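What follows is a short report on a single structure.
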Amino acid sequence: MTIDSTTVDVADGATVLDAVRAYGADVPTLCHDDRLSPRGSCRTCLVRAAGRIVAACTTPATEGMHVELDDPTAWQAAKGAAELIVSELPARALEIPAERSELVRACTHFGITTSSFTGTKHNRGVDHSHPYVKLDRDLCIACGRCVAMCAEVQGTFALELTGRGFNTVVTPGDGGPWVSSPCVGCGGCVDSCPTGALSEPGLLDLRPITATTTTTCGYCGVGCTLDVHVRDDTVAAITPTHGAPVNRGHACVKGRFAHTFTSAGDRLTTPLVRRDGQLVETTWDEALTTVARRLADIRDRHGPDSIAMISSARATNEENYLAQKFIRTAIGTNNIDNCSRLCHAPSAAGLTAAFGLAGGTNPLDDLDHTDCILLAGANPTEAHPVVGARIKQRVLAGARLIVVDPRRTELAALADVHLQARPGSNVAVFNGIAHQLVEEDLLAHDFLDRRTTGFDDLASLLADYPPEAVGAIADVRPADLVTAARLFGQAEHPIIFYGLGVTEHAHGTDGVRTLANLAILRGAVGTPGCCGILPLRGQNNVQGASDMGALPDVLPGYQHITDPTTRARFEHVWGCALPERPGLRIPQMFDAAIAGDLRALYVIGEDIAQSDPHSSHVRAALDACELVVCHDMFRSRTAEHADVVLPAASFLEKDGTFVNFDRRFQRVRPALAPLDHTATDFEILQRLATTLDIDLGCPTPAQAMAECAALTPMFAGLSHQRLDAEGPLHWPCPSVDRPGEAVLYLDQFATPDGLAALAALPYLPPGEQADADFPFLLVTGRRLVHYNTGSMTRRTANLELLPTETLELHPSDAARLGIPGGAEVTITSRWGQATLTAHPTTDVAPGQVFAAFHFPSAPINELTSPHTDAATDCPEYKVTAVHIRSAVDWKFTAGHRSSFPATADQGPSALPDDH
């Protein structure tokens, strides 16, 4: 086709607007957003095409078509449409900076400074009830983009256009204030609004933005690409990067809005040391000298294995690489671990055993062509909202959905089948689905014959898992189990997502293996067009922390520390001998500290006193150590037990990379300078090594990545320079002239024999069962607006959206116990107690309760047990037997407390330091 006099080639299915952009021009599009289905209602994109005046955004481009961009009739018609829109808006509509208003840019395009139309102006007022989404009704032009964003991208359907004609305006679906609507705060409506009718606090200020930096989100493991807009050295706003590969211009309430923690008044900006039992401010030189002297003393007196380090899934890859190098070279021990031990260690073990590598098999992009989704033990609409939204998009487009979860989540409510299985019964459920696949011959026979091993043993075991037997174990309807198996077995492109509801069990690795069996039986991994199996990682860099070797038994790239050839390669570059024996895992560190064998614990960016299970045991371990050091942005619960606290930078102040849940290396760039007297974890470790008279090399994060790549074959093709030039890359990426492998195992599996390994594993009961003394089962999880221990989100306006934690229990249980909604209840386990507010809901099954651990005032991990996965020591967060009763009488009983003591880390309502 031709535009003006230039020939333009466009793909099949392109519109005239696509062709115009390919030509290098543009036209205003006030009702159009590339992320949405075209509407063609504003008429500002009119051009002459094939002799007719058409809307460019909805008109298909055709072979031989001629488009005239400067046709005077089309131009005048489009200009008139824009003037008509402007005529009903207040003057402030054209006072918004052009970079924030498509309407202003359209007026500039047409040369409009005022409207030739006259008429009534709106006076509809504002709705500023929501902390983030601010509505100025008088700027609304009823383009419908916000409504479409909410429906087509987010899948929440919280907005609609109400009124008629001149009075049409966007309204939250329930008609009340925005804050009480079903809005989930993703910000998609704000991001798409062309006029500023929908805005956010940082953009209501019309002063110019001084800098914009593209980086990767530091919340969950989805890995959204974000543009951080800075004014006066503070974050004014964060917007999702359009065209980014994972989030595709979308975000969630945390990544989009929860950034004011960076300027929170209680951020640590001075190192602290403990003197006379109190943490007091000191200088960096004194703090680092104290740490170096005491580490050296403990190492000399008790040996290097008396020291351990817990690295951070929030830190960059480069920081984790440096941390494991520091502990192995400067200290001389393999006692290093990270919080993947507490969440996805069973994924690494299970996926490696089944397929050969410790990561998901496929990219998230493959969700686009799946026809059946099996979602097990995950609640992505709250914990991984961008993935949750994309799953909803596929379901709304016709994909079938199977959910295995003890709780009725949003996606469970949308599912074709919800297997509301009893906590701890995953292995039985997955074996039951596999039984039915074999029973009905829904198998990929050629794939099984050529590329797998272990089928006969598995088939023999599965004879013990017919639907009726599994139904009795898991408390699910046998017919639902059969339906789920048929949906999965008859799908051409099934995909599996799973989360901590699979891994955080006493038999979590078995859960991963038996879930992987389903993908293998269907040939859904390692084949062209397959969609694979994907673990939804919790923290932003929990995949990368392990990839970088912050584990006790492997070096970067999962190279075994016990292999002498591997050790020799690292020793040659690092210039020192490395310890041969694997180190301690996190739970073993705590046990060793209480036993007196571990004397120093160095914690980077993790609040283990709140996040780890059986919290009283963790506190006892911290108190037993001679030296506890931690890096943190705030005075956390762990900091309260530390001897030295070093003030750390946030992810918005760092340079490096993260690895997301589908194995993408993505750049992290500093949008802000670290606050005065704070430092990145990378800089802290370098300065500490220098104080110990150790040269770690790698003076910059880019050089650390280069060294890691040189030592790790699966990362050999990665560098900051390449990521900056090409964008995110998946690992394995074995050379600079090859792209990363987004889909794994197309040639062969990475197991020793090159075959995918089926696992014949029986159901084993969880570590705890409900009984007469503890008749309920507690399941823990996350809430949409908060993250992990809440140390960041509780220091933002997210606290207005969810100010406290509640205990979900079934209404029948609440009635039987005489506990009304809103009443305080005491929840007691064999390991601890806490007091929460009761919230009766049918989302949980009778006999089960649910709570999150975001609030120190609701210390849920006081309750969780010390039971762990036999293979990996991952804690069993998802099954704790508890007792519940009204707190009214109990909490005033002499010698008891209604909850454990709060700490200074409580966000805006922090208690004094001497509490």
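The values are calculated or read from the model by the stated rules, or taken from the named source; none is laboratory data. In this text the structure is predicted, and so the values were computed from the model without any measurement. Cβ atoms come from the backbone with ideal geometry, glycine included; neighbour counts cover every protein chain shown.
Reported count of residues in the stretch 187-207, each being hydrophobic (A, V, I, L, M, F, W, C) and either part of a strand (DSSP E or B) or within 30 Å of Asp547 (Cα to Cα) (or both), is 1. If you filter the stretch 424-476 down to residues that are in contact (Cβ under 8 Å) with a residue 60 or more places away in the chain and touching a Pro at 6+ places or on another chain (Cβ under 7 Å), you find that the one that is surrounded by the most Cβ atoms within 10 Å (Cβ to Cβ) is Gly424. Where the second residue is basic (Lys, Arg) and at pLDDT 95 or above and the first is assigned by TED's automatic domain parsing to the domain that holds Arg637 and crowded, with 21+ Cβ neighbours inside 10 Å and lies in the stretch 834-855, which pairs have Cβ atoms under 9 Å and are six or more apart or on separate chains? So the pair list comes out empty.
Of the numbered criteria (1) part of a helix (DSSP H, G or I); (2) closer than 21 Å to Leu206 by Cβ, the one Ile141 fails is (1). Could you please let me know if Leu646 is surrounded by fewer than 24 Cβ atoms within 10 Å (Cβ to Cβ), outside the structural domain of His505 (by TED's automatic domain parsing) and in contact with a helix residue (DSSP H, G or I) (Cβ under 8 Å, 6 or more places away or on another chain)? Considered against the rule, which asks whether it is surrounded by fewer than 24 Cβ atoms within 10 Å (Cβ to Cβ), outside the structural domain of His505 (by TED's automatic domain parsing) and in contact with a helix residue (DSSP H, G or I) (Cβ under 8 Å, 6 or more places away or on another chain), Leu646 comes out as no.
Residue-level analysis places Ala577 among those that are surrounded by fewer than 22 Cβ atoms within 10 Å (Cβ to Cβ) and modelled with pLDDT of 95 or more. Any idea which of Ala353, Ala330 is at pLDDT 95 or above, closer than 23 Å to Gly508 by Cα and either part of a helix (DSSP H, G or I) or not hydroxyl-bearing (Ser, Thr, Tyr) (or both)? Residue meeting the stated conditions: Ala353. Here Ala142 meets each of (1) more than 18 Å from Thr168 (Cα to Cα); (2) assigned by TED's automatic domain parsing to the domain that holds Ala197; (3) hydrophobic (A, V, I, L, M, F, W, C) with one exception, condition (1).
Across the stretch 856-881, the qualifying residues are those that are among the β-branched types (Val, Ile, Thr) and in a loop (DSSP other than H, G, I, E, B), and the one among them that is surrounded by the fewest Cβ atoms within 10 Å (Cβ to Cβ) is Thr872. The residues of the stretch 491-506 that are out of contact with any Gly (no Cβ under 8 Å at 6 or more places or on another chain) and either within 19 Å of Asn788 (Cβ to Cβ) or surrounded by 24 or more Cβ atoms within 10 Å (Cβ to Cβ) (or both), listed by number, are Pro494, Phe497, Glu504.
The set of residues in the stretch 882-891 that are buried (at least 21 other Cβ atoms within 10 Å of the Cβ) and either under 30 Å from Asp553 (Cα atoms) or of a type in the set (Gly, Ala, Ser) (or both) contains only Ala887.
Here is the figure for the stretch 743-782: residues that are under 22 Å from Ile884 (Cα atoms), among the small types (Gly, Ala, Ser) and either part of a strand (DSSP E or B) or touching a Pro at 6+ places or on another chain (Cβ under 7 Å) (or both) total 1. Taken together, the criteria exclude Val785 from residues that are part of a strand (DSSP E or B), buried (at least 19 other Cβ atoms within 10 Å of the Cβ) and in the same structural domain as Glu862 (by TED's automatic domain parsing).
Starting from residues that are touching a helix residue (DSSP H, G or I) at 6+ places or on another chain (Cβ under 9 Å) and under 19 Å from Thr118 (Cα atoms), keep the ones in the stretch 45-79 and report whichever is surrounded by the most Cβ atoms within 10 Å (Cβ to Cβ). Only one residue tops the list, namely Ala78. Please find, among Cys193, Cys186, Cys217, Cys224, the residue that is free of Cβ contacts under 8 Å to residues at least 60 places away in the same chain, buried (at least 24 other Cβ atoms within 10 Å of the Cβ) and not hydroxyl-bearing (Ser, Thr, Tyr). Within the list Cys193, Cys186, Cys217, Cys224, the selection yields Cys193. Of all residues in the stretch 661-675, those that are closer than 16 Å to Asn541 by Cα have Cβ atoms under 8 Å from Cβ atoms of residues that are part of a loop (DSSP other than H, G, I, E, B) and acidic (Asp, Glu), 6 or more apart or on another chain, in Val668/Asp655; Arg669/Asp655.
Return yes or no: is Thr837 over 28 Å from the mean Cα position of the chain (by Cα), in a strand (DSSP E or B) and not aliphatic (A, V, I, L, M)? No; evaluated as a whole, the condition is false for this residue.
For Gly243, state whether it is surrounded by fewer than 23 Cβ atoms within 10 Å (Cβ to Cβ) and outside the structural domain of Ala91 (by TED's automatic domain parsing). So Gly243 fits the description; yes. The residues in the stretch 240-290 that are closer than 17 Å to Asp191 by Cβ and in contact with a Pro (Cβ under 9 Å, 6 or more places away or on another chain) can be counted, and the count is 13.
Considering (1) surrounded by fewer than 20 Cβ atoms within 10 Å (Cβ to Cβ); (2) assigned to a loop (DSSP other than H, G, I, E, B); (3) of a type in the set (D, E, K, R), the lone condition that Asp368 does not fulfil carries the number (2). None of Leu578, Leu584, Leu601, Leu555 is more than 33 Å from the chain's Cα centre (by Cα) and not hydroxyl-bearing (Ser, Thr, Tyr) except Leu578.
For the stretch 144-168, a residue qualifies if it is on the phi > 0 side of the Ramachandran plot and in contact (Cβ under 8 Å) with a residue 12 or more places away in the chain, and the qualifying residues are Gly144, Gly155, Phe157. With respect to the conditions (1) crowded, with 24+ Cβ neighbours inside 10 Å; (2) assigned to a loop (DSSP other than H, G, I, E, B), Leu268 falls short on a single one, namely (1).
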